[in-house]
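K.L.:
Dropping a structure here in structure tokens format, bear with me for questions.
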Amino acid sequence: MRTRLLGTMCFFILCLFLFVLPAQAGSGRVFGVVVDERGLPVEEARVTILREISHYRLMTFTTVTGHYAFNDVPPGIYSLCVTQKGVLLGEEVVEFMLPGNRKIDFAVERAMMQ
């Protein structure tokens with residue numbers, strides 16, 4: 001009985017560290033620019049941020065200047081993908097553990113966008 005109680009307590013403490021505390025740690029902003037190999041902005045590319053463990057997913061499109069931004073992103077490890085017309089142009093894993101801003105830029109090849 002005592003072992004079971006101790007195991008249950010450990011489980012709840014682990015859940016506290018994994019789910020409650022990161023949510024209270026604050027959120028931040030992930031942003032950047034998508035350009036081609038000549039430094040020209042890539043317009044209307046789809047940028048997706050995904051945290052597989054919690055199924056957190058957001059999507060946006062780059063502006064005419066190639067910029068994108070995600071606000072209020074909770075801490076975690078994310079996959080950041082850039083696609084255009086169904087073609088993967090770039091992907092990066094981002095560790096976003098502390099609140100604040102994180103700039104992630106992508107340089108892609110125009111040949112991939114054809």
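Every number here is computed from the coordinates shown, using simple stated rules; none is lab data. As the structure is a computational prediction, the values presented were derived from the model and not from experiment. With ideal geometry, Cβ positions are generated from the backbone for all residues, glycine too; neighbour counts draw on all protein chains shown.
K.L.:
Length gain on complete extension for the stretch Asp105 to Asp72, per 0.36 nm per residue less the alpha carbon to alpha carbon distance?
P.N.:
10.0 nm
K.L.:
Summing Lys, Arg as +1 and Asp, Glu as -1, what charge do residues with Cβ under 15 Å from the Cβ of Glu43 carry, Glu43 excluded?
P.N.:
So the surrounding residues net to +2.
K.L.:
Now for a separate question. Just the Kirkwood number for the stretch 59-100, please: inverse of mean 1/r across all distinct Cα pairs, in Å, one decimal.
P.N.:
11.8
K.L.:
Can you give the extra length, in nm with one decimal, that the chain gains between Leu88 and Met59 once fully stretched, where that is 0.36 nm per residue apart less the Cα-Cα distance?
P.N.:
9.0 nm
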